[in-house]
Amino acid sequence: MKIQLAPGTTLTTIEGKDVLFSVRTGDSYGLNDTAAHMLRLGIESGLDEAANRMAQDYNAAPDEIRADLADLVQELVKLKLVQTLSDHGA
């Protein structure tokens with residue numbers, strides 16, 4: 001599964017902190033370094049590849065990373081900051 005930022009949402013760094021910002025709602029959501037890295041990898045290469053790369057980078061079990069990534073994406077979807085796409089195109 002792939003993810004992308006929701007329309008009107010940006011991922012930016014403000015004063016050294018990664019922040020998702022929605023121009024539609026004016027809401028912002030701060031991310032720690034690991035969550036920001038997960039999100040960027042998920043956007044670039046899809047959730048499965050992101051989990052595999054993070055597992056290698058952090059010497060962790062891929063299933064554990066995949067669960068953490070799924071939780072992050074679920075929360076961000078609920079906040080309407082990201083949206084999921086099928087791997088077969090939109």
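None of the figures in this text is laboratory data; all of them are computed from the coordinates on show. As the structure is a computational prediction, the values presented were derived from the model and not from experiment. A quick note on method: Cβ atoms are made from the backbone with ideal geometry, for glycine too, and the neighbour counts reach across all protein chains shown.
Which order do the peptides 13-23, 31-41 come out in when sorted by mean C-beta neighbours inside 10 angstrom, highest first?
Numbers: 13-23: 13.0, 31-41: 16.8.
So the order, starting with the most tightly packed, is 31-41, 13-23.
Backbone phi angles across the stretch 32-48, fed through the Karplus curve with coefficients 6.51, -1.76 and 1.60 (θ = phi - 60°), yield HN-Hα couplings of 6, 4, 5, 5, 5, 4, 4, 5, 4, 4, x, 5, 5, 10, x, 5, 5 Hz in residue order; Gly and Pro are listed as x.
Summarising the label geometry, the points placed 7 Å from Cα in the beta-carbon direction at Asp63 and Lys80 lie 3.7 nm from one another.
So, with +1 on the Cβ of K and R and -1 on the Cβ of D and E, and no other charges, what is the size of the charge dipole of the chain about its Cα centre, to the nearest 20 debye?
Working: 8 positive and 14 negative charges, 80 e Å.
The calculation lands at about 380 debye.
Of the two radii for the chain, the radius of gyration is 0.97 times the Kirkwood radius, both from the alpha carbons; that is the Rg over Rh value.
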